[in-house]
Amino acid sequence: MAVAMASTMQLRRCGPAANSSPRPCAKAPAGVPRVAAAFLGTPTQLAAQRRRLRAVRRSASGGLAAQAMLTYKEAATGIEFPLVQKLWLGEEMRCVGAGCRSKKVAFIGVKVYAVALYVEAEKMARELGVRNRGGFFDGDDDFCQALVDGGCVKALQLELARDVEGAQFVQALEEALAPRMRLMGDTASLEAFKKVFVDKKLAKGTNVVLMYRTDATLDVAVRPGRVDWSTIVADASIASAGLCRGLFEVYMGGESVVADAKKEWANGARKLLESDDIRRQTRKGGSG
């Protein structure tokens, strides 16, 4: 299966002004490089987004705060993901990058879905800092492996760029996961994962969230569009360390189905690492 994608980090605002660039911050936080501030969002921007999310949860309609939200745009599909959001479990999640899953149909590359990676940013940044001080980082693969290994909640959010049958969607993942799951003697977990999708029709715009919990449980949620993920209940919870790790390595491992996206995720990890360095330097500076 051929893979093609192009992703770039863009902080955008949804709604009528989506085509305009966000206004630059008047001033980055003291001691924070401009690049890090742009990635993480300034305290003012993120506080404003939190207020909008709280307002939506209080609203009678229960719709997602699609307006005036900082987003990360996946370049190949144009699909935008919230830069910061709260899921049904864990702390506030930060998008560290996105890529496009594509395949060849009659020798033509077809975009199937965009996929974004979310992590608990502060916890992950601290873990990356520990690894960096131990000299574990060399290239993109090392950063991606650290994201998979990180002892915090992490999630892959997929948004369909075209209509796909659920059985067709899960078949490609099954082919990549089956050898590992057979070796571990845990094919039952893979079957449970497949059952979530086989009878579904995944229309364009459908969102799938795959959450890797710290207790080695995979939560799966499928919704017809964007929702307030903090209020939902997962469609399935599958306790399997092998399935959790195997699924995330399908995307982030050495034979990734979205290989070029690994550069985006590695760059996101580097920015998290930079934020941890700043935190440590600030703490040292204030301790004297």
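The values are calculated or read from the model by the stated rules, or taken from the named source; none is laboratory data. Everything quoted here is computed from the prediction, not taken from an experiment. We place every Cβ from the backbone using ideal geometry, glycine too, and count neighbours over all the protein chains shown.
Against the numbered list (1) under 16 Å from the mean Cα position of the chain (by Cα); (2) modelled with pLDDT under 95, Asp138 comes up short only at (1). Beta carbons closer than 6 Å, at least 6 apart along the sequence or on distinct chains, pair a first residue in the stretch 91-113 that is surrounded by 14 or more Cβ atoms within 10 Å (Cβ to Cβ) with a second that is at pLDDT below 85 and assigned to a strand (DSSP E or B) for Ser102/Gly109.
Tally up the residues in the stretch 168-203 that are of a type in the set (Ser, Thr, Tyr) and either on the phi > 0 side of the Ramachandran plot or outside any helix (DSSP H, G or I) (or both), please.
Our first condition is that a residue be of a type in the set (Ser, Thr, Tyr); within the stretch 168-203, this holds for 187, 189.
Narrowing the set further to residues that are either on the phi > 0 side of the Ramachandran plot or outside any helix (DSSP H, G or I) (or both) leaves none.
Of the residues in that region, 0 qualify.
Restricting the stretch 154-165 to residues that are assigned to a strand (DSSP E or B) and over 13 Å from the mean Cα position of the chain (by Cα), the residue that is surrounded by the fewest Cβ atoms within 10 Å (Cβ to Cβ) is Glu165.
Among the criteria (1) closer than 14 Å to Arg245 by Cβ; (2) buried (at least 19 other Cβ atoms within 10 Å of the Cβ); (3) small (Gly, Ala, Ser), the one Gly151 does not fulfil is (2). Residues in the stretch 248-256 include at least one that is within 19 Å of Gln85 (Cβ to Cβ), in contact with a strand residue (DSSP E or B) (Cβ under 7 Å, 6 or more places away or on another chain), among the hydrophobic types (A, V, I, L, M, F, W, C) and in contact (Cβ under 8 Å) with a residue 40 or more places away in the chain. Taking Gln49 as the residue in question, decide whether it is part of a helix (DSSP H, G or I) and at pLDDT below 80. In short, yes. Restricting Arg226, Arg279 to those that are surrounded by 16 or more Cβ atoms within 10 Å (Cβ to Cβ), in contact (Cβ under 8 Å) with a residue 12 or more places away in the chain, in a helix (DSSP H, G or I) and out of contact with any Gly (no Cβ under 7 Å at 6 or more places or on another chain) reduces the list to Arg279.
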